[in-house]
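Engineer: Have a look at this one.
Every number here is computed from the coordinates shown, using simple stated rules; none is lab data. No experiment lies behind these values; they were computed from the predicted model shown. A quick note on method: Cβ atoms are made from the backbone with ideal geometry, for glycine too, and the neighbour counts reach across all protein chains shown.
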Amino acid sequence: MKQLTISKIKEGTVIDHINAGKALLVLKILGIHPNSMETVSMAMNVPSKKMGKKDIVKVEGKFINEEQLNKIALIAPNATINLIKDYEIQKKFKVVLPEFIEGIIRCPNKNCISNSNEPITPKFHVWFDKEVIAKCHYCNKKVKEISVYIY
Ligand code: CTP
Ligand code: ZN
């Protein structure tokens, strides 16, 4: 009855329990795009007991570092990471929301110095209060719908 939506991988990084519909944003956060050479498979809107529906991303042949993976928590705070070697799970962990994030999100405030012509990377203080909230380091503007401001 339970069928496998996408194949198991021999080696690499599996990002599971991604909030439904956010898989493409996960790839963006990880800097994976059509010109990068990774072999990627993904499933969107897969039925899940815990989440109702979820997305899954599998990046073959690559162990993505933990700091980069934790940035996924901005849009998928329940994501679990599985590092795979020889088809076996070597390590499984939940992403941890970073307290501070540089880049990734742009500030919604048009007048913010991070949106000016100055070469200033956006910086945000991040915490969880029912949902993930980011506050601009420069203008204090709070971002609630973070997905919209990922660049
Ligand atoms: N996986 C994979 N390739 C492997 C082993 C596992 O792609 N060689 C994937 C599975 O398809 C699943 C994830 O890694 O999406 C976690 O695998 P597993 O722990 O076996 O599944 P669950 O028990 O359902 O995971 P959890 O307890 O985290 O819900
Ligand atoms: Zn700002």
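Engineer: Mean separation of Cα pairs under 8 Å and 6+ residues apart, divided by the residue count of segment 27-151: what relative contact order is that in percent?
Structural biologist: Numbers: 187 pairs, mean separation 21.3, N = 125.
This gives 17 percent for segment 27-151.
Engineer: Filter the cross-link list Lys85/Lys123; Lys62/Lys141; Lys58/Lys144; Lys58/Lys110; Lys22/Lys123; Lys8/Lys135 down to pairs whose alpha-carbon distance in this structure exceeds 32 Å. Intermediate values should be presented prior to the final figure.
Structural biologist: Values: Lys85/Lys123 35 Å; Lys62/Lys141 36 Å; Lys58/Lys144 28 Å; Lys58/Lys110 36 Å; Lys22/Lys123 22 Å; Lys8/Lys135 38 Å.
Exceeds cut-off: Lys85/Lys123; Lys62/Lys141; Lys58/Lys110; Lys8/Lys135.
Engineer: Shifting gears a bit: Report relative contact order for segment 32-76 in percent, whole number only (criteria: Cα-Cα under 8 Å, sequence separation at least 6). Intermediate values should be presented prior to the final figure.
Structural biologist: Working: 34 pairs, mean separation 14.2, N = 45.
For segment 32-76, the relative contact order is 32 percent.
Engineer: More than 26 angstrom separation, counting every C-alpha pair in the chain; what % is that? Kindly include the intermediate steps, with their values, before the conclusion.
Structural biologist: On the way: 3269 of 11325 pairs.
In whole percent, the share of Cα-Cα pairs in the chain beyond 26 Å is 29.
Engineer: When the Karplus curve 6.51 cos²θ - 1.76 cosθ + 1.60 is applied with θ = phi - 60°, which whole-Hz ³J(HN,Hα) does each residue of segment 85-98 get, with x for Gly and Pro?
Structural biologist: In residue order, the calculated couplings are 9, 6, 6, 9, 7, 7, 8, 10, 8, 8, 5, 10, 5, x Hz.
Engineer: Can you find, among Ile84, Ile32, His17, the residue sitting farthest towards the positive end of the charge dipole of segment 1-102, where Lys and Arg contribute +1 and Asp and Glu -1 at Cβ?
Structural biologist: Positive-end residue among those listed: His17.
Engineer: May I pose another question? Can you tell me the order of 90-99, 39-48, 69-78 when each peptide is scored by its average per-residue count of other Cβ atoms within 10 angstrom, highest first? Before the final figure, lay out the partial values.
Structural biologist: Values: 90-99: 13.3, 39-48: 15.0, 69-78: 20.4.
Highest-to-lowest ranking by the protection proxy: 69-78, 39-48, 90-99.
Engineer: I've got another one for you. Which of the three applies to segment 1-78, rounded, prolate or oblate, going by the alpha-carbon gyration tensor with a ≥ b ≥ c and a/c under 1.5 meaning rounded?
Structural biologist: Values: a/c = 1.79, a/b = 1.24, b/c = 1.44.
The shape class here is oblate.
Engineer: Let me ask something additional. Pop the C-beta distance of Ile6 and Ile113 into the FRET formula with R0 = 35 Å and round what comes out to the nearest 0.05.
Structural biologist: Working: r = 43 Å, r/R0 = 1.23.
Efficiency, from the Cβ-Cβ distance: 0.20.
Engineer: Rounded to the nearest 20 Debye, what is the dipole magnitude of segment 1-69 about its Cα centre when Lys and Arg each give +1 and Asp and Glu each give -1 at the C-beta?
Structural biologist: 420
Engineer: I've got another one for you. Per DSSP H run of at least 4 residues, take -39500 (n - 2.57); add these up for the chain, divide by its residues and hand me the 222 nm value, nearest 500 deg cm²/dmol.
Structural biologist: Working: 2 runs with 12 residues, N = 151.
That calculation yields -2000 deg cm²/dmol at 222 nm.
Engineer: Let me spell out the model: positive unit charges on the Cβ of Lys and Arg, negative unit charges on the Cβ of Asp and Glu, origin at the Cα centre of the chain. What dipole size does that give, in debye rounded to 20?
Structural biologist: On the way: 24 positive and 15 negative charges, 105 e Å.
For this selection, approximately 500 debye.
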